[in-house]
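Working notes for the structure below.
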Amino acid sequence: MTARRPFRRSAAGITVAVLAMLVLAADQFVKYLTIENLPLHEVVPVLGDFLQLYYIRNSGAAFSLGSEVTWIFTIALTVVAAIIVWKAFDVRSRIWAVVLGCLLGGVLGNLTDRLFREPGFAVGHVVDMISMPWMMPAIFNVADIFIVCGMVTVAILVVLGIRFDGTREKDHQEAPESDAEPEIVEKDA
């Protein structure tokens, strides 16, 4: 099996940017539909208790933690987005380009809410609408799905030792040097 050639930096950057914009657009579209069509703070069963829609505006992080310091989440999301964009310039691996693009799109989805939704700039509340009460008590959105899946995939790639250029960490480890002198073999002629 032949190995794939690494992405050119421009191709990786385009992949990251396109995926980020697609995830951002999907997230904001679902949030628009939620605001326009769902009642605030009322359960709308989709598949009984398995999947429900429940429109809320979340001022905090997961489980509404930190709702009094919303501006900190805005700064954190901005820093994370900047780091992803910065790291995207080093990517030559297809899997890393896809993961970083999806992760960036999720981060930008929630950052957009923090920056432009009520109650004001940099302290906006994130629109959440997906509830799976059988699994966890959290209510989340499309951006959250991409953030969580992206971070799990990043962890897996790091554990597997896959670098941004697509090579594996083990391919870059040098063989240990031996202290023993090499054995000299004489040939009889």
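Using a 7 Å offset from the Cα along the Cα-to-Cβ direction at both residue 25 and residue 152, what is the distance between the two label points in nm, to one decimal?
Between residue 25 and residue 152, the label points sit 2.6 nm apart.
If the chain between residue 71 and residue 169 were fully stretched, how many nm would it gain, using 0.36 nm times the residue separation less the Cα-Cα distance?
Taking 0.36 nm per residue and subtracting the Cα distance, the gain is 31.5 nm.
Provide the packing ranking of 7-14, 138-145, i.e. peptides ordered by the mean count of other C-beta atoms within 10 Å per residue, highest first.
138-145, 7-14
Where nothing but the Cβ of Lys and Arg (+1) and of Asp and Glu (-1) is charged, how large is the charge dipole of the chain around its Cα centre, in debye to the nearest 20?
Once rounded to the nearest 20, the dipole reads 880 debye.
So for region 1-40, what percent of the C-alpha to C-alpha distances run longer than 15 Å?
62
If ligands, DNA and RNA are left out, what is the accessible area of residue 93 with a 1.4 Å probe, given in Å² to the nearest 10?
Answer for residue 93: close to 10 Å² accessible.
What accessible area per residue comes out for region 1-57, rounded to a whole number of Å², with a 1.4 Å probe?
With all protein chains present, region 1-57 gives 71 Å² per residue.
With a ≥ b ≥ c taken as the square roots of the eigenvalues of the C-alpha gyration tensor of the chain, please select rounded if a/c is under 1.5 and otherwise prolate if a/b is larger than b/c or oblate if it is not?
prolate
Once both axes come from the Cα atoms, what is the angle between helix 142-160 and the longest principal axis of the chain, in degrees from 0 to 90, rounded to 10?
Roughly 20 degrees, rounded to the nearest 10.
The values are calculated or read from the model by the stated rules, or taken from the named source; none is laboratory data. Keep in mind that what you see is a predicted model, and the values were worked out from it rather than measured. So basically every Cβ, Gly included, is an ideal-geometry build from the backbone, and we count neighbours across all protein chains shown. Surface areas here come from the heavy atoms of the whole protein model, side chains and all, with no ligands, DNA or RNA. Shrake-Rupley method; radii C 1.70, N 1.55, O 1.52, S 1.80 Å.
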